[in-house]
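Please read the structure below before turning to the comments.
The values are calculated or read from the model by the stated rules, or taken from the named source; none is laboratory data. Computed from a predicted structure; not experimentally measured. Using ideal geometry, Cβ is built from the backbone for each residue, glycine included, and neighbour counts are taken over all protein chains shown. SASA here: full protein model, heavy atoms, side chains in, ligands and nucleic acids out. Shrake-Rupley method; radii C 1.70, N 1.55, O 1.52, S 1.80 Å.
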Amino acid sequence: MNQIKKIEKLLLLSILFSCFISLNSLAQIQRVEPPFWYAGMYNPELQILFYGKNIAENEVAVSNAVAIKTIQKTENPNYIFVTIDTKEIPAQEIVFSFSKNKKVVFTQKYALKKRKANSASRKSYDASDMIYLIMPDRFANGNPNNDSQKALAEKANRSNSSGRHGGDIEGIIQNLDYMKELGATALWPTPLCEDNDAQGSYHGYGQSDVYKIDPRYGTNEDYLKLSSELHQRDMKLIMDYVTNHWGAAHWMMNDLPTYDWMHQFPGYAQTNYRMTTQFDPNASQIDAKMCMDGWFVKSMPDLNQSNPLVLNYLTQNAIWWIEYADLDGFRVDTYSYNDKEGIAKWTKAITDEYPNFNIVGEVWMHDQAQMAYWQKDSKLAAIQNYNSYLPSVMDFTLMETMANVFNQNQPTWDKGLINVYDNFTNDFLYPNVNNILTFVENHDTQRFNEIYKKDFKKYKMAMTILATVRGIPQLYYGSEIGMAGNKNEGDGAIRLDFPGGWKGDTNNAFTKTGRTAEQQQFFDFTSQLFQWRKGNEAVHFGKMTHYIPENNVYVYFRYTDKKTVMVVINNALTSQTLKTRRFLENTKNFNFGKEVLTGKSIALKEDLSIEAQSVLIFKLE
């Protein structure tokens, strides 16, 4: 009997000790990042951040024959960075033990999960796609119950153009069929991770937790659902990733792991925004430093990618999201403001893990050579022994041209469609001209339909060019229904709520019956154009031959060995007649052209007439 009591007492002590360790762990460890990882990664080294009060006072060990490569403690005793080797370690749960004076004080379980089949070889977006860009807060409110959150500073206020309006992931999911009908094959939402800034947090670029979806948008599980719903429709999900900065409310800001986790001067200094200093051979060192290290704005602390701990943190966070949410690509914000060498390492690490993964960087410059410098394998950058490893850049010069050219109705030597022609004459500068993002507007620019006062003819010309030239076309939400808005009145004016996205909206542009006649006109053309584009290899990856515009009429061909498309844009205020023999080098093997928007056929040996400010797209037969 005494023996049984003794065993019971030992069991009770064991349980109490386990509870003590568990409770102590909860008290001691406040964060573990990444929260879990995956077995079988290309890079087997994993850096885990453990955060808790005076956690660095402990020694660390790990179970299951997992090798610890390094244990790094910083000047802040609340952090330990433990790097382990996961090579040939199968998916399992491992246990970290934290000891003091050779006694285990607490333990922490950590999961190495199984990867999805063929994860490393996932296909990404390319020139066969059309990307639909949305501001989630302004798109659709599928769940009004999450509009405001007690734990987050900014509450919903739809009357405030700079405030939270309540759009969320559920609203996006509810309208995926709308996007598919429009012809979109990929979705780019602006950042969805938590942004706890006191005001202006709706845009998401000042993130406060990069492992957590903002609760006002939904949960991490909701983001997974969005990814799954897109894939069920043969559509792709692109994450808007921010490497350059976080928000001032990021959880680390009040307790940095190291002083140089952020760029400090000490404290705040603003970037000079002069990105040319990153390759200018004549630039002063201080100017180059202030471009890279200065903060984008005061509320966005600038991350120091030259610190290996920071760089590993950002790299692993990006890879974690790809695995966790089954992502199809990235768009990287303010790419050319990052530490130049650091961002190249970040990009290469991701594309080493996923060789087919596409990443487009925001390189907002006004010269093709300067943008081409940042694309992977640029011969221009190679002069300086630099390679960004960035697969894709954004064609800002085309966007800027499109914002002016359709008001240049009287052609001169340097006015009119010659400017569009000239943009493509510099395509030789790009290492991969097909992998460039093309657009007429985005969430930071003036609205196209504001510039041209909803002139449908000018919209048709711009969209036709966007759909038929090289590159990956991106459409900004609302363009397809004629949405306008003047950026001069504030960013909120170019990020208006999509009509019909909120209960009680009198105009529901998500449905045919809810659209106005004007909205339907814009939508029908856009949908017809991009649905046709889906199946045309010639405009995806074909070569291009273009002809110098005459009388403000621009003619070009996209072609492969099997397919040829002829595009005619007339930006003149009068109808024009073209002598088709000028285009014989592209038309000599064809007799007829079938116009893809109307179905009408023309004989290619006869003169071709085109109405004022109109477009013709021919499939040659």
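Heavy-atom surface analysis with a 1.4 Å probe gives the chain a carbon and sulfur content of 51 percent of its accessible area. Here the extension length gained between residue 119 and residue 412 equals 100.2 nm, from 0.36 nm per residue of separation less the Cα-Cα distance.
For segment 388-474, state which trypsin sites (Lys or Arg not before Pro) are in a DSSP loop and have at most 10 other beta carbons lying within 10 Å of their beta carbon.
Working: sites: 415, 447, 453, 454, 457, 458, 460, 470; in loops: 447, 453, 454, 470.
For trypsin sites (Lys or Arg not before Pro) across segment 388-474 that sit outside H, G, I, E and B with at most 10 neighbouring Cβ atoms in 10 Å, the list reads 453.
Under the shape rule built on the C-alpha gyration tensor, where the axes satisfy a ≥ b ≥ c, the chain is prolate, since a/c reaches at least 1.5 and a/b is greater than b/c. Straight-line reach from residue 457: taking Cα to Cα under 14 Å and skipping same-chain neighbours fewer than 8 places apart, the aspartates and glutamates in range are 480, 518, 524, 611. Amide H to amide H distances under 5 Å link residue 212 with 194, where only residues 5 or more positions off or on other chains count and H is placed in the peptide plane. When the pairs 69/379; 109/236; 100/150; 298/415; 100/289; 123/379 are compared against a 31 Å limit on Cα-Cα distance, 69/379; 109/236; 100/150; 298/415; 100/289 fall above it. Fully extending the segment from residue 367 to residue 93, taken as 0.36 nm per residue of separation minus the present Cα-Cα distance, adds 93.5 nm. Candidate cross-link partners of residue 562 among the lysines, defined by an alpha-carbon separation under 18 Å and a same-chain spacing of 8 or more, comprise 534, 543, 588, 594, 619. Relative to one another, the C-alpha centroids of segment 28-86 and segment 216-275 are positioned 22 Å apart. Shape verdict for segment 16-161, please, from the Cα gyration tensor: rounded (a/c under 1.5), prolate (a/b greater than b/c) or oblate. Oblate is the answer for segment 16-161, as a/c is 1.5 or above yet b/c matches or exceeds a/b. How tilted is helix 308-325 with respect to the longest principal axis of the chain? Cα atoms for both, answer in degrees (0 to 90, nearest 10). Rounded to the nearest ten degrees, it is 70.
Taking a sphere under 12 Å around the Cβ of residue 62 and counting the other residues whose Cβ falls inside, with K and R at +1 and D and E at -1, yields a net charge of -1. Once backbone amide H atoms are built at 1.01 Å from N, residue 31 has 51 as its partners under 5 Å, excluding neighbours fewer than 5 places away on the same chain. Note that segment 105-110 has calculated 3J(HN,Hα) couplings of 8, 7, 10, 9, 6, 9 Hz, one per residue in order, obtained from phi through the Karplus relation 6.51 cos²θ - 1.76 cosθ + 1.60 (θ = phi - 60°); glycine and proline are x. Per residue, the average separation of C-alpha pairs within less than 8 Å and at least 6 apart gives the chain a relative contact order of 11 percent.
Look at the Cα gyration tensor of segment 224-326: its axes a ≥ b ≥ c give a/c of at least 1.5 with a/b over b/c, and that counts as prolate.
Residues whose amide H comes within less than 5 Å of that of residue 394, counting only those at least five positions distant or on another chain, are 361, 363, 437 (H built at 1.01 Å from N in the peptide plane). In this rough spin-label picture, where each label sits 7 Å from Cα along the Cβ direction, the residue 605-residue 297 distance is 6.3 nm. In whole Å, what is the distance between the alpha-carbon centres of segment 545-574 and segment 466-493? Taking the Cα centre of each part, segment 545-574 and segment 466-493 sit 23 Å apart. Seen against the Cα atoms of the chain and their longest principal axis, helix 517-534 is set at about 80 degrees. Normalised per residue, the accessible area of the chain is 42 Å², obtained with a 1.4 Å probe and no contribution from ligands, DNA or RNA. Taking 0.36 nm per residue of separation and subtracting the current Cα-Cα distance, fully stretching the chain between residue 400 and residue 31 would add 128.4 nm.
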